[in-house]
Amino acid sequence: MTTLALVSGDDDRPARIEDVHELATALPGVVVGGDDEHPAYEIGGKAFVFFRPPRKDAVDPETGQRYTDVVAFHVESEADKQALVRDESTPFFTTPHWNGYRAVLLLARDAGRLSRSELAEIVQDAWLARAPKRQVAAWRAARQP
């Protein structure tokens with residue numbers, strides 16, 4: 001994972017789901033698709049973060065009700081995915097439906113378990129994993145001191 005965080009004055013505060021939109025749209029070339037309830041953030045025609053509608057593969061184990069607030073974040077590799085979902089200190093998870101797909105899931109209600117800077121890193125890494133190589137190179141070069 002890359003640490004070229006999108007910084008602000010309150011990076012240590014708990015993340016809010018509204019931060020996803022702010023962080024994703026601050027990255028170059030991002031197109032917002034989907035709808036108001038389930039937006040998708042895309043780069044080069046590829047979604048890197050998106051809000052999922054309820055699905056039968058993501059249910060509350062206590063109530064059996066489908067989660068209504070799942071956000072998917074693309075990751076660079078299966079190793080990155082496993083590191084995030086196996087780390088019990090993070091709110092990320094996966095379901096069998098996502099086997100073989102390089103993404104982790106987050107319940108919007110759990111966003112506050114991350115700091116804003118941690119969320120910024122996840123969003124940024126998702127963008128870096130999906131953006132065209134030339135765009136990534138230019139973005140990184142612009143951030144060199």
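The values are calculated or read from the model by the stated rules, or taken from the named source; none is laboratory data. Note that the structure is predicted; figures quoted are calculated from it, not measured. Cβ atoms come from the backbone with ideal geometry, glycine included; neighbour counts cover every protein chain shown.
Key figures for this structure:
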{"item": "Number of positions in the range 106-131 that are farther than 15 Å from Y41 by Cα and touching a strand residue (DSSP E or B) at 6+ places or on another chain (Cβ under 7 Å)", "result": "5"}
{"item": "Helices (runs of 4 or more DSSP H) wholly inside the range 27-145 containing at least 2 residues that are in contact with a helix residue (DSSP H, G or I) (Cβ under 9 Å, 6 or more places away or on another chain) and modelled with pLDDT under 95", "result": "133-142"}
{"item": "Filtered residues of the range 18-43 (kept if surrounded by fewer than 18 Cβ atoms within 10 Å (Cβ to Cβ) and touching a Lys or Arg at 6+ places or on another chain (Cβ under 7 Å))", "result": "H38"}
{"item": "Pick from the range 86-115, criterion farther than 26 Å from D11 by Cα and aromatic (F, W, Y), ranking: surrounded by the most Cβ atoms within 10 Å (Cβ to Cβ)", "result": "W98"}
{"item": "Number of the exception - V7 against (1) out of contact with any Leu (no Cβ under 8 Å at 6 or more places or on another chain); (2) at pLDDT 95 or above", "result": "(2)"}
{"item": "Only listed residue being among the acidic types (D, E) and closer than 23 Å to T25 by Cβ, chosen from E78, E88, E121", "result": "E121"}
